[in-house]
Amino acid sequence: MKIIVISKTDYRENDVIINAISENEELSFLVRGLRNPKSPFKWLNTPLTCADVEFVEPNTYKHPVLKRASLISSPLSKDLSLDKMLCLSLVSEASIKMLDEDERPELYPSLISFANMLLTVDANPHLLALVFLAKTMKIAGFLPEINECVKCGAKEDIIAFSFNEGGLVCRKCADENTKKDLTPNQMKLLRVVFLAPNFAFTVNDALSKDDMVVLLLKFKEFINDTIGVELENISLLCNL
C-alpha cells in the first residue's frame with residue numbers, strides 16, 4: 001500500500017503511531033521502536049514522506065503494526081531552506097486541522113504533487129502554500145467566489161474582493177460598507193491560485209512576494225473565521 005505521512009504520535013517507550021493517507025483512506029499504524037535512532041524506518045518521522053508499506057497479519061494491537069516499508073520519497077532527501085521547512089509544517093498542519101477524516105484522502109494527489117515540487121530548486125514556498133491552502137479550502141467546502149460578483153453574478157466591472165462578503169464584488173453592488181481586501185494585482189493572484197491545476201505554477205519569479213504574504217495572511221483570517229481553525233505556521237512563513 002502506498003501512503004503519505006501526515007503526522008505522528010509518540011506511543012509507549014520507543015513506539016510511534018503514524019497518521020497517513022492513501023488514495024482511498026486515512027489510516028494510523030504502529031511502528032515499533034521508531035524513536036530509536038537505529039530504527040530502519042526512522043525516515044517515517046518526517047511529514048509528507050511517501051512510502052510503500054505492509055502490515056503484520058494477524059494483528060492483536062489496536063492499530064495495524066508495520067511489517068515492512070520502502071521509501072519512495074522524503075522532503076528531507078535534500079537540504080531544505082527554512083522557508084520550505086515552514087511551508088512543509090504548514091501543509092501538515094492544514095491537512096490535519098482543516099479537514100475531517102473522511103475528507104483527507106481527497107488531498108492525496110495534491111500532497112504527492114506538493115512533496116515533489118517542494119524538492120525542486122526554484123519552487124516558491126509562499127506560492128506552494130497558497131495553492132495548497134486553496135485546494136484544501138475547496139475540499140472543506142469553503143470556497144470564495146472568484147469568477148463573478150458574489151452578489152449579482154456579473155462577470156464584468158469587478159472592482160473589489162471582500163472576504164467578509166465571500167468573493168468578488170462589482171461596481172454596481174459595491175457600497176460604502178464593502179471592504180476592499182485586495183488590490184487588483186492581489187485579486188489576479190487569488191484567481192490564479194484557486195484555478196491552478198497543479199503545483200507547477202509555484203515556480204514563478206514574476207509575482208510579488210509582498211502580494212503573496214498579504215494573501216496568505218488573508219487566508220489565515222478567512223480560514224479562522226469560516227472553519228474556526230488557527231494555522232500558526234502561516235504567520236511564521238510570512239515573517240521570513
Would you mind checking the range 200-237 for residues with the amide N under 16 Å from a putative spin-label position 7 Å along Cα→C-beta of SER89?
230-237
Per-residue accessible area for THR226 at 1.4 Å probe radius, Å² rounded to 10?
50
For the range 1-126, what % of the accessible area comes from carbon and sulfur atoms, probe 1.4 Å?
50
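Evaluate 2.2 N^0.38 Å with N set to the residue count of the range 118-180, then give the Cα radius of gyration divided by it. Write out the running numbers ahead of the final one.
Values: Rg = 14.9 Å, N = 63, 2.2 N^0.38 = 10.6 Å.
Output field value: 1.41.
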In what sequence, highest mean first, do 120-127, 167-174, 90-97 appear when ranked by Cβ atoms within 10 angstrom?
90-97, 167-174, 120-127
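Using a 1.4 Å probe, what is the accessible area per residue for the chain, in Å²?
Values: 12060 Å² over 240 residues.
Solvent-accessible surface per residue comes out at 50 Å².
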Solvent exposure, largest accessible area first (probe 1.4 Å, DNA, RNA and ligands not counted), of ARG32, ARG104:
ARG32, ARG104
Between the alpha carbon centres of the range 223-240 and the range 147-168 the gap in Å comes to 24
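Could you work out how much longer the chain between LEU119 and SER70 gets when fully extended? Use 0.36 nm per residue separation minus the Cα distance between them, nm to one decimal. Can you show the working numbers first?
Working: separation 49, 0.36 × 49 = 17.64 nm, distance 1.92 nm.
Computed gain between LEU119 and SER70 is 15.7 nm.
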Provide the descending list of Cα extents for the chain along its principal axes, expressed in whole angstroms.
66, 34, 27
How much of the calculated P(r) for the range 168-219 lies past 13 Å, in percent of all Cα pairs?
64
Separation between Cα centres of the range 99-114 and the range 169-214, rounded to whole Å:
24
Would you work out if the range 17-141 is rounded, prolate or oblate? Take a ≥ b ≥ c from the square roots of the eigenvalues of the alpha-carbon gyration tensor; rounded if a/c is under 1.5, else prolate when a/b is larger than b/c, oblate otherwise.
oblate
Quick check: the distance between the Cα centres of the range 75-90 and the range 3-40, to the nearest angstrom?
20
With only Lys, Arg, Asp and Glu charged, each at its Cβ (+1 for the first two, -1 for the last two), find how big the charge dipole of the chain is about the Cα centre; round to the nearest 20 debye.
540
Equivalent-ellipsoid semi-axes of the range 73-158, from the Cα gyration tensor, Å, largest first:
29, 17, 10
For the range 66-222, whose charge dipole is built from +1 on Lys and Arg Cβ atoms and -1 on Asp and Glu Cβ atoms, the candidate among THR183, LEU195, SER70 with its Cα farthest towards the positive end is SER70
The chain, Gaussian network, Cα under 10 Å: of GLU25, GLU221, GLU13, the residue fluctuating most is GLU13
Select from ASN204, ASN116, ASN19 the residue whose mean-square fluctuation is largest in a Gaussian network model of the chain (Cα-Cα springs shorter than 10 Å).
ASN204
Run the reach check for LYS172 against aspartates and glutamates, Cα to Cα strictly under 15 Å, same-chain hits fewer than 8 apart removed. What comes back?
GLU148, GLU156, ASP157
Taking only the alpha carbons of the range 119-240, what extent do you get along each of the three principal axes, in Å, biggest first?
45, 31, 26
Over the chain, with a Gaussian network built from C-alpha contacts below 10 Å, which listed residue (LEU71, LEU119, LEU107) shows the highest mean-square fluctuation?
LEU71
Counting only protein heavy atoms with a 1.4 Å probe and every protein chain in place, the carbon and sulfur fraction of the accessible surface of the range 167-214 in whole percent equals 51
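The values are calculated or read from the model by the stated rules, or taken from the named source; none is laboratory data. Everything quoted here is computed from the prediction, not taken from an experiment. Cβ atoms come from the backbone with ideal geometry, glycine included; neighbour counts cover every protein chain shown. Quick note on the areas: whole protein, heavy atoms, side chains included, nothing else; ligands and nucleic acids left out. Shrake-Rupley method; radii C 1.70, N 1.55, O 1.52, S 1.80 Å.
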